[in-house]
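Student: Okay, here's the structure, questions in a sec.
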Amino acid sequence: MGSQGGWGQSKEFLDLVKSIGEARSKAEEDRIVLREIETLKRRISDPEVPKRKMKEYIIRLVYVEMLGHDASFGYIHAVKMAHDDSLLLKRTGYLAVTLFLDEDHDLIILIVNTIQKDLRSDNYLVVCAALNAVCRLINEETIPAVLPQVVELLAHPKEAVRKKAIMALHRFYQRSAHSVSHLISNFRKRLCDNDPGVMGATLCPLFDLVTGDVSSYKDLVVSFVSILKQVAERRLPKSYDYHQMPAPFIQIRLLKILALLGSGDKKSSESMYTVLGDVFRKGESSSNIGNAVLYECICCVSSIYPNQKLIDAAAEVTSRFLKSDSHNLKYMGIDALGRLIKINPDIAEEHQLAVIDCLEDPDDTLKRKTFELLQKMTKSSNVEVIVDRMIDYMISISDNHYKTEIASRCVELAEQFAPSNQWFIQTMNKVFEHAGDLVNAKVAHNLMRLIAEGFGEEDEGADNQLRSSAVESYLRIMGEPKLPSLFLQVICWVLGEYGTADGKFSASYITGKLCDVAEAHSNDDTVKAYAVTAIMKICAFEISAGRKVELLPECQSLIDELSASHSTDLQQRAYELQAVLGLNSHSVESIMPVDASCEDIEVDKSLSFVNNFVQQSLEKGARPYIPENERSAMLNVNNFRSQDQPGALTHGLRFEAYELAKPPPLVTRTPASFISSTDLVPVPESTYAKEIHQAPLPSPVPDIAPVEPGVKLRLEGVQKKWGRPTYSSPSAPSASTSGIQKTTNGITYGPETMSSQTRAVSYDSKKQHVEVSAEKQKLAASLFGGSSKHDKRPTSSHKAARTRPTSAEKLREATANTATEVTVEKIAPLQPPPDLLDLGGPIPEIAPSVDPFMQLEGLLGPTQGISSESTVSANASKPSDLMETLYAEMPSTGPSGTDMYSSSLNSGVPTNANKSSQMVAQIPSVKKGPNPRDSLQKDAVARQVGVTPTSQNPNLFSDLLG
């Protein structure tokens, strides 16, 4: 790592800091930091890294995080370091954790136990480190885990521990006030602590408590005054002095608390006057901290019940602030002067020149603060100067937010202190012209209301003069380009209401000007709407006065244009104007009276004017009106009724529960002593549609029970694997039903009925492979667990040459038969057990109660195998050995060298003697010896069902189930 640097860190770390400081671009800095991150990732993951090196790595991680990069890979190492017994390493770990993690981080739960242990430590430095972490890491959920221990530390013999315990409780109060509401009395007790540091720390939570509830802490005024007096008299140790000011931060906090407690309380304020005077006299204005104490004292004096001597002392200090060359002190002076003029407005007259100097200062912040002061100082005598200054400043700035604020202030001052109507109109025109659409819409409405109502005095002449001045100024301004939309709306409204009121301007002149405005702003529908409404008002006033109205050609063209406008609002206004032009003077005067814009509109909520009509309708048999509250009550009643009578409200929501599902009807079969394997198995009607297929019954077959609706599955070629096994023979398909197909769950089924006569396919015919479509393969896989790829169905004859099925075919057939048997046997009714000695005739099917191969079909999925039609005759004359017939073509040992017969046993193949003897009677002998073609077929079948062969000639069941 190199030699150690001056801070106890390695030279490598100091070089890192130096290289980052000398980086000429952000990209170069990022490259350096990313390279450092990779180095730290590699080194910090070393389990043998020394603790001293780990401490440096954690500090370097902190440095990386400070530069804005992610160092989350090292958070857990910081948490581990906080667990260390070494004080230096523990404090480093706590420091890193408090900088890395926030209170809701997932790793916080790992640090809580460490904090609890450290809070009980005998080393007060460890306790202080834990309390520092508590203030930063403990959230609302984990407060109860450490709260009792923190409360105990309030009585710790070390003052540093007590101080930090107060800070921790204050933090708990800020996070969750209700969690420490029962501990408020501890703050009062610690206010009398012997150590000034503990007392000063207690002032912070008390300030928050007093801010929330002043009346509950009025009894502490005497204590606060006593403490402030002791501090001002320098009774605290010299270590609390700052720039020769005795404990200035404690003084500032006490002054803030006293300002809250003395506000509006004369008795409490009187007890503060003496100590506040001492603070003014002993305050040092030669340092910033001394000026801060004096400023806070001015704020306190302006908040409590006023005292003239203190106000004079505050005004003197304020004058010193304003005369200072420092912008910061001038800012404090402006703010202090704004507080004092609320008590005595005459104080501002003494500082007018200083305030004007602040207005001309290049410091924008100071200038804005001065405008706030000017707004508080405004009177009728100085409103013109102040508003003009504000408008000039508004024109010079580009900040739209503050420009909007200045415009609102100008409007407010002009409304309150306007010396003349003409000046007011001119001022408002300047504000709208330069502030544009930044002016709040409420300002425009207030201006229109002020012009309509006047100044609230009984002098009607002054109000008329105000309106005339507004009309003249607006007619003069209308020709200027780029007027704001909001200002144009005000202009149109004023011209429509008072354009012809004084008789100076004719109606045609005003309407012409309004048409020009609407034509110049054809894209602004709001301005056009105001213009059309203003024209309608002028025409209505002329008609009411008995004068004939002749629209100018441009006005008529404007009305025609707006009548076909896409805006329905403009269309309505245009049609209303045309309707007004066709009315007589009496009607027009009734609907649009002169100068009635500010009159209150009386709304007859009872609609008494329709009483006669209602009475006549009731006499004719109309239904009476039902109030809204009664309608809602009736609706609720109907809802309750609908629960008992679901059909009562056909259009309402039904809230009753769904009916229970009806169980599917059970399909019964006619009992028969002997049933052929070609019988169809009953299926519930809810699953399959009703289709009836009748198969021709050959003469050698016994009588078969009648086929019922919903019977679809056929069981030819299905060999039973459990219970008493039988082996049924396939039947020939019926010519009448061979073309019928049925679709269920996306799979096409082709139902066929087979005769009970046995047939076989010659070995030579199997050599001709026919390509089968994917749908048929999927059908075979769903029904029989395999594909009919190797089937060759005879169409003309019912019998074929006898063949000897190969071992692979038997395995595939056994898989297919097992999958089909599972589906069939689940719903087939139990039959009497067959006679085991009757080997020549058909054997009835037996449905076992539980089939262990029930899930085999799901395991196989859509597979391809040989069809069940390639079967052997049930009338075999020479029985052969079971093991010899099933596994004749397979090797004697499996992949691992074990006997294949044992592998089949482990795979679930039944081996009891009874079943073997029965299957011997059903299966003919097969030629022994390996067959390459069959081996390839077995391998292909195994791959199709998703089984990876474990040898060249795989055992399908061993791969599936073993």
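Student: Can you send over the solvent-accessible area of residue 249, 1.4 Å probe, protein chains only, in Å² to the nearest 10?
Tutor: 130
Student: Compute the signed sum of charges (Lys and Arg +1, Asp and Glu -1) over the other residues within less than 12 Å, Cβ to Cβ, of residue 28.
Tutor: Values: positive: 24, 26, 31, 35; negative: 22, 29, 30.
Neighbour charge sum, excluding residue 28 itself: +1.
Student: Shifting gears a bit: Ranked highest first by average number of other Cβ atoms within 10 Å, how do 348-354, 196-202 line up?
Tutor: 196-202, 348-354
Student: Taking θ as phi - 60°, what are the ³J(HN,Hα) couplings along the stretch 170-185 by the Karplus curve (6.51, -1.76, 1.60), each to the nearest whole Hz, with x for Gly and Pro?
Tutor: With coefficients 6.51, -1.76 and 1.60, one gets 4, 5, 4, 5, 5, 6, 8, 5, 5, 6, 10, 5, 7, 10, 4, 5 Hz.
Student: When the accessible area of the stretch 520-607 is split by element with a 1.4 Å probe, what percent falls to carbon and sulfur? Please report the intermediate quantities before stating the final value.
Tutor: Details: 2700 of 5430 Å².
Carbon with sulfur: 50 percent of the solvent-accessible area.
Student: Cα convex hull of the stretch 278-415: mean projected area in nm², to one decimal? Before the final figure, lay out each step's value.
Tutor: On the way: hull surface 34.8 nm².
Averaging across all directions leaves 8.7 nm² for the Cα convex hull.
Student: Residues with amide H under 5 Å of residue 10's amide H, sequence separation 5 or more or different chain, H placed in the peptide plane at 1.01 Å from N; which?
Tutor: 5
Student: When ligands, DNA and RNA are left out and all protein chains stay put, how many square angstrom of accessible area per residue does the stretch 342-484 have with a 1.4 Å probe?
Tutor: Numbers: 7200 Å² over 143 residues.
About 50 Å² of surface per residue is accessible.
Student: In square angstrom, rounded to the nearest 10, how much accessible surface does residue 589 have for a 1.4 Å probe?
Tutor: Surface open to solvent at residue 589 totals about 100 Å².
Student: In terms of solvent-accessible area of protein heavy atoms at a 1.4 angstrom probe, what is the ranking of 607, 153, highest value first? Intermediate results must be reported in sequence, preceding the final value.
Tutor: Numbers: 607 90, 153 15 Å².
The residues order as 607, 153, largest area first.
Student: Cβ neighbours within 10 Å, averaged per peptide: list 314-327, 387-400 in order, most packed at the top.
Tutor: Numbers: 314-327: 17.4, 387-400: 15.4.
Final packing ranking: 314-327, 387-400.
Student: Moving on to the next point. What does the highest-first list of 11-17, 114-120 look like by mean Cβ count within 10 Å? Present the calculation step by step, with values, prior to reporting the outcome.
Tutor: Values: 11-17: 15.7, 114-120: 17.9.
Descending mean neighbour count gives 114-120, 11-17.
Student: What is the distance in Å between the Cα centroid of the stretch 16-48 and that of the stretch 443-505?
Tutor: Cα centres, the stretch 16-48 to the stretch 443-505: 70 Å.
Student: Compute the normalised compactness of the stretch 508-558: alpha-carbon radius of gyration over 2.2 N^0.38 Å, N being the residue count. Write down the numbers at each step before the final one.
Tutor: Values: Rg = 10.9 Å, N = 51, 2.2 N^0.38 = 9.8 Å.
Dividing the Cα Rg of the stretch 508-558 by 2.2 N^0.38 Å gives 1.12.
Student: Over every pair of different alpha-carbon atoms in the stretch 386-449, take the mean of 1/r and invert it; report that Kirkwood radius in Å. The partial results should precede the final answer.
Tutor: Details: mean 1/r = 0.0865 Å⁻¹.
With all distinct Cα pairs of the stretch 386-449 included, I get 11.6 Å.
Student: Specify, per residue and in Å³, the volume enclosed by the convex hull of the alpha carbon atoms belonging to the stretch 114-228.
Tutor: Values: hull volume 10.7 nm³, N = 115.
Roughly 93 Å³ of hull volume per residue.
Student: Karplus couplings for the stretch 275-288 from phi (6.51 cos²θ - 1.76 cosθ + 1.60, θ = phi - 60°), rounded to Hz, Gly and Pro as x?
Tutor: Running phi through 6.51 cos²θ - 1.76 cosθ + 1.60 with θ = phi - 60° gives 5, 5, x, 4, 5, 5, 6, 8, x, 9, 9, 7, 10, 5 Hz.
Student: Now for a different question. Run the numbers for residue 590 and residue 223: contour at 0.36 nm per residue of separation, minus the present Cα-Cα distance, in nm.
Tutor: Working: separation 367, 0.36 × 367 = 132.12 nm, distance 7.40 nm.
Additional length available on full extension: 124.7 nm.
Student: Collect residues whose amide H, placed 1.01 Å from N in the peptide plane, falls under 5 Å from the amide H of residue 242; neighbours closer than 5 in sequence don't count.
Tutor: Counting only residues 5 or more places away or on other chains, the set is 247.
Student: What net charge do the residues around residue 161 carry, taking every other residue with its C-beta under 14 Å from that of residue 161, with Lys and Arg at +1 and Asp and Glu at -1?
Tutor: Values: positive: 120, 158, 162, 163, 164, 190; negative: 118, 122, 152, 159, 193, 195.
That works out to 0.
The values are calculated or read from the model by the stated rules, or taken from the named source; none is laboratory data. In this text the structure is predicted, and so the values were computed from the model without any measurement. No Cβ is skipped: glycine too gets one built from the backbone with ideal geometry, and neighbour counts run over all protein chains shown. Each accessible area value is taken on the protein alone, full model and side chains, heavy atoms only, with ligands, DNA and RNA left out. Shrake-Rupley method; radii C 1.70, N 1.55, O 1.52, S 1.80 Å.
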